[in-house]
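Engineer: Structure below; questions to follow.
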Amino acid sequence: MADDAEKTEEPTPKKIEDARKEGNVPKSQDTSGVVTLFVAILAMLMLFPFMAKHMILLFKYYFSLIGTPLDKLFMIDIAIVTIKEFLLIVMPLAIAVAVAGIIAALAQYGFLFTTKAIAPDFKKIDPIKGAKNLFSLKKLIEGVKITFKSFTTLGVGFVFFFYFIMELPTVALFGLHDQLMWLKDKMLIIAFVMLFIIFVFAIIDIIIVRKQYFDGLKMSKQEIKDEMKNMDGDPLIKSKIKQIQMQAARKRMMAEIPNADVVITNPTHYAVAVKYDEKKAHAPIVIAKGVDNIAQQIKKIARESNVHIVQNPPLARSLYKEVAVDKAIPEALFGAVAEVLAYVYKINKK
C-alpha cells in the first residue's frame with residue numbers, strides 16, 4: 001500500500017492534457033526573456049534609422065515652436081504631434097518584442113487557450129497563505145537563482161566594459177564619427193556577450209523547469225489505475241454489460257432453433273443446429289451451438305420443435321470449433337453436412 005501511494009510513475013498523456021487545460025505548462029521565464037531580448041536588440045539595430053529619423057523630426061518640430069505663444073488649442077496640437085511621433089518610434093519595437101514573446105511561448109508549450117488560469121481564486125489573496133509563500137524555501141531558492149544570474153551577467157558585462165574603458169585614451173584621438181562607430185561596436189559586443197550568458201542560463205533553466213514540471217505531475221500506481229478505470233469504465237460494470245449482451249445473444253440463438261433443419265450432437269457435450277435455405281445462402285448456416293448445459297438446452301428445444309437430432313461426434317466438434325453462429329460452414333465440411341441433411345430430408349420426404 002505504501003508503494004502505491006508513492007508518485008513514482010511517469011504522468012499519462014491524459015494527466016498532462018488535464019494540466020494544460022488548467023493552464024499548468026512548463027514555462028521558462030529565462031527562455032522567454034532571452035528570445036525577447038535577442039529580438040529587441042535585432043529590432044533596435046534594424047529600426048534605428050527609422051526611429052532616429054522620427055526623433056529628429058520631433059526635435060525639429062519642438063525647436064520650430066520657439067517664440068510661438070501658447071494657448072489651449074496649440075497645446076492640444078503639440079500633444080497630438082508628440083503622441084503620433086512617439087507611437088511611430090515605439091510601436092514597431094513593441095510589436096517585434098510582443099511577437100517574440102508569443103513565439104517563445106509557442107516554442108515551449110505550443111498553442112494554449114484557457115480561462116481557468118485567469119479565473120478569480122480568492123484563496124490566492126489569503127494573507128496568511130501569501131505570507132507563507134513569500135517566505136517559503138522555494139521563494140528563497142528562486143531569489144538566490146535570480147541574484148546569481150544577475151551578478152554573473154552584469155559581472156561578465158562589466159569585465160568587457162572595463163577593457164573597453166582602457167581604450168578611451170586612444171579613442172579620444174578619433175573623429176566624432178569614428179568615436180560614435182566605436183561606441184556602437186562596443187555596445188553591441190557587450191550586449192551580445194551578456195545575451196549569450198543569459199542564453200546559457202535559459203538552457204539550464206528550461207531543463208530544470210521541464211524536469212520539475214513532469215516530476216510534479218508524476219502519479220502513483222493507484223492514480224493510474226483509477227484513471228484507467230474512469231477512461232475505460234468500471235471493470236465490474238463492463239463485465240455486467242458483457243454478461244447481459246451474451247444472455248441476449250443466447251436468447252436470440254435459442255429462438256432460432258425451431259427453424260433448424262437438424263441438430264448435430266456428439267451426443268452428450270456438443271450440439272450444433274444447422275439450417276439450409278438455398279434462396280438466402282449458398283451453404284448451410286450454423287444458427288446455434290453450445291456445449292454441456294447449453295447443448296442440453298438446444299437438444300431440448302429441438303425435441304419440443306420436432307427438429308431432428310443426429311449423432312455425429314466428429315462433425316459436431318468440427319462445426320462447434322470452426323464455425324461461428326450465423327456463419328456458413330466451410331467448404332471442407334460441405335460433404336459431411338450434406339450427408340446429414342440428405343438423411344434428414346429423406347426422413348422428412350423433402
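No lab work stands behind these numbers, since they all come straight from the coordinates. Only a predicted model underlies this, so the values are computations on that prediction, with no experimental measurement involved. Cβ placement follows ideal geometry from the backbone for every residue including glycine, while neighbour counts extend to all protein chains displayed.
Engineer: Give the long-range amide H neighbours of LYS289: residues separated by 5 or more places, or on another chain, with amide H under 5 Å away, using H modelled in the peptide plane at 1.01 Å from N.
Structural biologist: Those lying under 5 Å, H to H, from LYS289 are ALA273.
Engineer: Follow-up question, since we're still on this one. Which shape class applies to the range 257-350: rounded if a/c is under 1.5, otherwise prolate when a/b exceeds b/c and oblate if not, where a ≥ b ≥ c are the square roots of the Cα gyration tensor eigenvalues?
Structural biologist: Rounded, because the longest to shortest axis ratio a/c is under 1.5.
Engineer: Rounded to the nearest 20 debye, what is the charge dipole size of the range 237-348 about its Cα centre when +1 sits on each Lys and Arg Cβ and -1 on each Asp and Glu Cβ? Show your work: numbers first, answer last.
Structural biologist: On the way: 17 positive and 10 negative charges, 122 e Å.
In total the dipole reaches around 580 debye.
Engineer: Ordered by packing density, taken as the mean number of other Cβ atoms within 10 Å over each peptide's residues, highest first, how do 24-35, 296-307 rank? Don't skip to the end; give the middle numbers.
Structural biologist: Values: 24-35: 19.0, 296-307: 16.2.
So the order, starting with the most tightly packed, is 24-35, 296-307.
Engineer: Using the Cα centre as the reference, give the magnitude of the dipole from point charges on the C-beta atoms of the chain (Lys, Arg: +1; Asp, Glu: -1; all else neutral), rounded to the nearest 20 debye.
Structural biologist: So the dipole magnitude of the chain works out to roughly 1460 debye.
Engineer: Further, regarding this structure: For the charge dipole of the range 237-348, defined by +1 on Lys and Arg C-beta atoms and -1 on Asp and Glu C-beta atoms about the Cα centroid, which residue among ILE329, GLN247, ALA295 has the Cα displaced farthest towards the positive pole?
Structural biologist: Looking along the dipole axis, the top candidate is GLN247.
Engineer: With r defined as the distance between the Cβ atoms of LEU65 and MET91 and R0 fixed at 35 Å, what FRET efficiency is calculated, to the nearest 0.05? List each step's numbers first, then the result.
Structural biologist: Numbers: r = 24 Å, r/R0 = 0.69.
The value I calculate is 0.90.
Engineer: Based on the Cβ-Cβ distance of LYS21 and LEU154, what FRET efficiency does E = 1/(1 + (r/R0)^6) give at R0 = 45 Å, to the nearest 0.05?
Structural biologist: 0.70
Engineer: So, one more: Quote the relative contact order of the chain in percent (integer), defining contacts as alpha-carbon pairs under 8 Å separated by 6+ residues.
Structural biologist: So the answer I get is 20 percent.
Engineer: Compute the acute angle (0 to 90°) between the alpha-carbon long axis of helix 235-256 and the principal axis of greatest extent of the alpha-carbon atoms of the chain; round to the nearest 10°.
Structural biologist: Relative to the chain, helix 235-256 is tipped by roughly 30 degrees.
Engineer: Considering the values (1) 40.4; (2) 19.7; (3) 16.3, which represents mean projected area of the Cα convex hull in nm² as calculated for the structure under consideration?
Structural biologist: Recomputing mean projected area of the Cα convex hull in nm² here gives the entry labelled (1).
Engineer: Hey, what angle do you get for helix 292-304 against the long axis of the chain, alpha-carbon based, 0 to 90 degrees rounded to 10?
Structural biologist: 50
Engineer: Which ³J(HN,Hα) values in Hz, rounded to whole numbers, follow from the phi angles of the range 9-16 under the Karplus curve 6.51 cos²θ - 1.76 cosθ + 1.60, where θ = phi - 60° and Gly and Pro get x?
Structural biologist: For the range 9-16, the Karplus curve yields 9, 5, x, 6, x, 5, 4, 5 Hz.
Engineer: Angle check, please: helix 176-216 long axis (alpha carbons) against the longest principal axis of the chain (alpha carbons), in degrees 0 to 90, nearest 10.
Structural biologist: With rounding to tens, the tilt is 30 degrees.
Engineer: Using 0.36 nm times the number of residues separating ALA249 and GLU331, minus their current alpha carbon distance, what extension gain do you get?
Structural biologist: Stretched fully, the ALA249-GLU331 segment lengthens by 26.9 nm.
Engineer: Continuing with the same structure: Using the Karplus curve 6.51 cos²θ - 1.76 cosθ + 1.60 with θ = phi - 60°, work out ³J(HN,Hα) for each residue of the range 60-71 in order, rounded to whole Hz, and write x for Gly and Pro.
Structural biologist: Rounded to whole hertz, the list is 4, 5, 5, 5, 5, 8, 4, x, 7, x, 9, 9.
Engineer: Continuing with this model, one more query. What are the ³J(HN,Hα) couplings of the range 220-229, residue after residue, when phi is run through the Karplus curve with 6.51, -1.76, 1.60 and θ = phi - 60°? Round to Hz, x for glycine and proline.
Structural biologist: For the range 220-229, the Karplus curve yields 7, 4, 5, 5, 5, 4, 5, 5, 4, 5 Hz.
Engineer: So how do 268-277, 90-99 stack up, highest first, on mean other-Cβ count within 10 Å? Working shown, then result.
Structural biologist: Working: 268-277: 21.3, 90-99: 13.8.
Packing order, densest peptide first, comes out as 268-277, 90-99.
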